[in-house]
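Single-structure report; data block below.
What follows draws every value from the coordinates through simple rules; no lab data is involved. Just so you know, these numbers come straight off a predicted model, no measurement behind them. A quick note on method: Cβ atoms are made from the backbone with ideal geometry, for glycine too, and the neighbour counts reach across all protein chains shown.
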Amino acid sequence: MEKGLFITFEGIDGCGKSTQIGLLESYLKEKGKEVLLIREPGGTAVGEKIREILLEKKNDSMKPLTELLLFEAARAQITEEKIIPATEEGKVVICDRFFDSTTAYQGYAREMGTELTDLLNGIATAGRSPDITFVLDIDPEQAYARRVGRGGEEDRMEALGLMFQQKVREGYLKLASDNPRVRVIDASATPEEISEQIKGMIDNVI
Ligand code: TMP
């Protein structure tokens, strides 16, 4: 993308994205970069409303196509309202999830197909893509244990269970296998080790 840098973090639920995003944000700020931290779904007033609908467990009658279109609607909003302006101003944008989540969760795990998700991802982002994407790869049982340790109630997507998370994981590995933008990181390592790897890769692109 033009001028700035657009970084995304991906992985199954409980993979440790939030910790790594926080560590990278501090590192980039220490280097004097202006950083915009956002998340998907959400990151805008409209997108946060859509997030509530998507994640509320009581909305379990939601159809897969409705789910897919709501994720894309939130994405269209954040792309135009936040990501494009910030990168044009030269900022580093770090987004907690982006269109690879749709490919992995809806395209592969929900089996809606990547032809459909590629098409809608392209429309929602007007063809824009991250400069670099980190997939934090972890065994779903280990991720589940982390989520339980963190406490709080599970959301509508997390409630889909371990088999679903396994399909999401496989989806990420498939999409990464033929895309040099996507770097798979072993997320069973310590947070410090993971962070060092990520910083090393970022140093090579800034
Ligand atoms: P989060 O808990 O990491 O913020 O993500 C919200 C949930 O929504 C998570 O279970 C992943 C899921 N999701 C999709 O299924 N498709 C998408 O396109 C996005 C962005 C998230």
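Dipole of the chain, Cα-centred, from +1 at each Lys and Arg C-beta and -1 at each Asp and Glu C-beta, to the nearest 20 debye?
Working: 27 positive and 37 negative charges, 44 e Å.
So the dipole magnitude of the chain works out to roughly 200 debye.
Quick one: which residues, 5 or more positions from residue 36 or on another chain, have an amide H under 5 Å from its amide H? H modelled 1.01 Å from N in the peptide plane, none for Pro or chain starts.
The answer is 92, 93, 94.
Tell me, what is the percent relative contact order of the range 1-78, built from C-alpha pairs under 8 Å that lie six or more residues apart? Please report the intermediate quantities before stating the final value.
Values: 43 pairs, mean separation 19.1, N = 78.
RCO, the range 1-78: 24 percent.
Take peptides 44-51, 5-12, 134-141 and line them up by average Cβ neighbours within 10 Å, highest first, as a rough protection proxy.
Details: 44-51: 17.1, 5-12: 25.4, 134-141: 20.5.
Order by mean packing, descending: 5-12, 134-141, 44-51.
Going by average Cβ neighbours within 10 Å, how do the peptides 32-40, 152-160 rank, with the highest at the top?
Numbers: 32-40: 16.7, 152-160: 14.0.
Highest to lowest by the protection proxy: 32-40, 152-160.
Which residue, chosen from 53, 87, 37, occupies the Cα position most advanced towards the positive end of the dipole of the chain, where the dipole is computed from +1 (Lys, Arg) and -1 (Asp, Glu) charges on Cβ about the Cα centre?
Value: 53.
Could you work out the relative contact order of the chain, using alpha carbon pairs under 8 angstrom and six or more residues apart, expressed as a whole percent? Could the numbers behind the result be given before it?
Details: 314 pairs, mean separation 68.6, N = 206.
Once normalised by length, the contact order is 33 percent.
Quick check: the distance between the Cα centres of the range 169-206 and the range 1-37, to the nearest angstrom?
Cα centroid to Cα centroid, the span is 12 Å.
Quick check on my link table: of 29/63; 29/167; 17/91; 58/82; 58/91; 31/57, which ones sit more than 32 Å apart, alpha carbon to alpha carbon?
On the way: 29/63 41 Å; 29/167 36 Å; 17/91 21 Å; 58/82 30 Å; 58/91 38 Å; 31/57 41 Å.
29/63; 29/167; 58/91; 31/57, as the Cα separations exceed 32 Å there.
Step through the residues of the range 190-204 one at a time and calculate ³J(HN,Hα) from phi using the Karplus curve (6.51 cos²θ - 1.76 cosθ + 1.60, θ = phi - 60°), rounding each to whole Hz and writing x for Gly and Pro.
Running phi through 6.51 cos²θ - 1.76 cosθ + 1.60 with θ = phi - 60° gives 6, x, 5, 4, 4, 4, 4, 4, 5, 4, x, 5, 5, 4, 6 Hz.
If you find the alpha carbon centre of the range 128-164 and of the range 75-95, how far apart are they in angstrom?
24
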